[in-house]
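Chemist: For reference, the structure I am asking about is given below.
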Amino acid sequence: MNAARFKTFWPCAFVLTLHLGQAHAGRPLSVDDANVNEVGKGHIETWLARGPSGQSAWFVSPAWSPKEGLELAATVTRDRQEKQTAGAVQAKFRLSASQQNGCNFGALVGLAQAEGEKSNPYVNGLLSCNHPDWGSVHGNLGAVQSQGSRYNNTWGVAWEYPIGEVTFHVESFGQQHLKPTRAMGLRYEFSPSLQVDGSVGRQIGKNLLTLGVKWMF
């Protein structure tokens, strides 16, 4: 995600995340933040995820901001065992100005589709609160369409804290009628344009793992 979103089928128990730069929520977080890239700026994330039943999948997710307060993004994932492909497109809006010491709001709308299945719309309300001493907290509340016309509520909460050049996070997220996922992870910026990251978590009593790279331009 995961972001997000893709939570109705594996490998999409991992929220599709389209994350942002320094001082914002970023990969490997699955809980999204309420910020967008600066106008004309973008990023490409790619990561490998290993799920609770041993399946693994590759994700590629580009994002770009064409105007102030708007970010357009897409995600493509390929299941390495089943050889199936899934994808999503979304528009993310920053509804209030980002704050270094305070809170701001955002929202996103999108469509996700697994190979051979119909597309599933999703929406999400976003909240990010930053403080120079205790780091950043992010909250998500939304809904995703599952089978038929039924919508299931989604939620997520995350805390991240910078320690030198490394940013640590813990998070919990879930979907109605499913057990929540809990995870923690680290990201490290080699340069202003290159980041590496990873996370470990638990879902239905089994381990989750992601390893990724982010290029910012």
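Chemist: Which of (1) modelled with pLDDT under 95; (2) in a loop (DSSP other than H, G, I, E, B) is the odd one out, the single condition residue 34 does not satisfy?
Modeler: (1)
Chemist: Report the residue count in region 109-131 for those that are of a type in the set (Ser, Thr, Tyr), in a strand (DSSP E or B) and within 12 Å of residue 146 (Cα to Cα).
Modeler: Adding up the residues that qualify gives 1.
Chemist: Restricting region 170-188 to residues that are farther than 18 Å from residue 121 by Cα, buried (at least 23 other Cβ atoms within 10 Å of the Cβ) and out of contact with any His (no Cβ under 7 Å at 6 or more places or on another chain), which is modelled with the lowest pLDDT?
Modeler: The extreme case among them is 173.
Chemist: Restricting to region 91-123, count the residues that are farther than 30 Å from residue 80 by Cα and modelled with pLDDT under 90.
Modeler: The total comes to 0.
Chemist: Check off (1) in contact with a Pro (Cβ under 6 Å, 6 or more places away or on another chain); (2) surrounded by fewer than 18 Cβ atoms within 10 Å (Cβ to Cβ); (3) modelled with pLDDT under 90 for residue 51 and give me the number that stays unchecked.
Modeler: (2)
Chemist: For residue 167, all conditions in the list (1) surrounded by fewer than 19 Cβ atoms within 10 Å (Cβ to Cβ); (2) over 13 Å from residue 30 (Cα atoms); (3) modelled with pLDDT of 90 or more; (4) of a type in the set (S, T, N, Q) hold save one; what is the number of the exception?
Modeler: Result: residue 167 fails condition (1) only.
The values are calculated or read from the model by the stated rules, or taken from the named source; none is laboratory data. Just so we're clear, the structure is a prediction, and the values are computed from it rather than from any experiment. With ideal geometry, Cβ positions are generated from the backbone for all residues, glycine too; neighbour counts draw on all protein chains shown.
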